[in-house]
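The values are calculated or read from the model by the stated rules, or taken from the named source; none is laboratory data. Note that the structure is predicted; figures quoted are calculated from it, not measured. Virtual Cβ from ideal backbone geometry, glycine too; neighbours counted across all protein chains shown. Heads up: the accessible areas ignore ligands, DNA and RNA and are worked out on the full protein's heavy atoms, side chains in. Shrake-Rupley method; radii C 1.70, N 1.55, O 1.52, S 1.80 Å.
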Amino acid sequence: MMSFLLAVACACQLGATATQPLVVRNGSLAQSVPTQRQADGLVTVRADQLADALSASWVSDGGARYHLQIADSRIDLVIGGRFAVAKADTQPLPGVVRLEGGKVYLPLAFVSDALPRLAGGIIYDIDRDELRRFGSATVSRPVPSTPPATSSVTRNIRPRVVVVDAGHGGRDRGMTGPIGSAKKVYEKDITLAVAGELRAALERRGVKVLMTRSTDTLIALNDRGKIANEARAELFMSIHVNAANPGWKSPGGARGFETYFLAEAKTEDERRVAAMENESIRFETSEDVSRDDPLGFIMRDMAQNEHLRESARLAELVQSGMAGMHPGPNRGVKQAGFRVLVTAFMPAVLVEIGFGSNPAESAYMTAQSNQRALAETLATAAVKYLEQYDRKVGGPP
């Protein structure tokens, strides 16, 4: 409280006014970081206070240059500049980085827009209006989602958690379609809309939901699974929109829905879809896709094998449910090595809800009533899986 009052006093001295504090959640700790509206109307946050809340470092590089160091991510900023830079990635800011009273102030949009794109382990939850850092040193290893047989009481107390992942986002539009139409739709928008409906449908069924993204922002593929691990989620469901291979005889006519679980791809088409969805890695700057050491690979492989069979069962339930309501053909349950599923240590599936490259299915998926129907079907499959699993292990019906 004292720090907030001091910030208010400082703001008044600078001709600025205090605004709603920014909530920063770092692991289990939540802090309120003061913000202020400058004379020109730009809302800002003090860089050193933001760094403290994130357990990060705010370092002067001499002169007008500073950098924010969050774990392995370094973000460079310059007083008077309108850009934030990490490695080769540059994000524009809506106002300049300014120095007032010996302190550096950053545009608040740096927090909500640039920071999640430039630093691994950071998301901005627009619904809760808070910045979150996950995967800190307090989480040393993935927490298995399957509880021991003696923990049925704990399962009764702790609410179920399902992570809903809206594919792509931000600069990564994903699929663009339909083929031959002047009016284009983007995968990132469809997946976000369906994911929002899925969250509402699951919450109506008493399930706690965590979204990897709830706004148009880019979240690293590897980070999406880490979000689920930290939340100790029971399930991970990733929503995507398919696109036809341009080399097909009639790519615009391709239709249908399919559900994937993590395993080695068996067919050329499975490899095509995995490569298409994994391509998002090129938009990320904080992930080294080859950095896993041998021990890390073995541990990850063991954890994934533990949930492989359960993921396949969940995929069957999802595909079966969609077969009863989707107008397109059932393309079946498939398997492929999706990066978004690799880091989720729990039953995890990726659902391709239709072909955005097909005009009819593109129109179907962009209608809100159909998005809601798809979400209801996915929610029913998730809850059905959880109920079946409880009966299998002797948990609550």
From the options Gly225, Gly252, residue that is touching a helix residue (DSSP H, G or I) at 6+ places or on another chain (Cβ under 9 Å), within 21 Å of Ser112 (Cα to Cα) and outside any loop (DSSP other than H, G, I, E, B): Gly225
Every pair of residues 6+ apart whose Cβ atoms lie under 9 Å, when the first sits in region 305-319 and is over 17 Å from Asn330 (Cα atoms) and modelled with pLDDT under 95 while the second is open to solvent by 10 Å² or more (accessible area, probe 1.4 Å) and assigned to a helix (DSSP H, G or I): Glu310/Tyr389; Ser311/Gln304
Unmet requirement for Arg74, which otherwise passes all of (1) of a type in the set (Lys, Arg); (2) open to solvent by less than 60 Å² (accessible area, probe 1.4 Å); (3) touching a His at 6+ places or on another chain (Cβ under 6 Å): (2)
Leu202 vs. criteria modelled with pLDDT under 90, buried (at least 24 other Cβ atoms within 10 Å of the Cβ) and not aromatic (Phe, Trp, Tyr): no
Residue match in region 350-357 (condition: at pLDDT 90 or above, assigned to a strand (DSSP E or B) and closer than 26 Å to Arg232 by Cβ): yes
Yes/no for Gly121 being within 28 Å of the chain's Cα centre (by Cα) and at positive phi: yes
Residues of region 228-263 that turn out to be touching a Phe, Trp or Tyr at 6+ places or on another chain (Cβ under 6 Å) and surrounded by 23 or more Cβ atoms within 10 Å (Cβ to Cβ), as a count: 3
Neighbours by Cβ (under 8 Å, 6+ apart or cross-chain): first from region 382-394, over 11 Å from Glu234 (Cα atoms) and assigned to a helix (DSSP H, G or I); second open to solvent by 80 Å² or more (accessible area, probe 1.4 Å) and among the hydrophobic types (A, V, I, L, M, F, W, C): Val393/Ala149
The lone exception for Gly41 - which of (1) touching a residue at least 12 places away in the same chain (Cβ under 8 Å); (2) small (Gly, Ala, Ser); (3) not in a strand (DSSP E or B) it fails: (1)
Matching residues in region 369-397 - criterion: being surrounded by fewer than 16 Cβ atoms within 10 Å (Cβ to Cβ) and farther than 16 Å from Pro327 by Cβ: Lys384, Glu387, Gln388, Asp390, Arg391, Lys392, Val393, Gly394, Pro396, Pro397
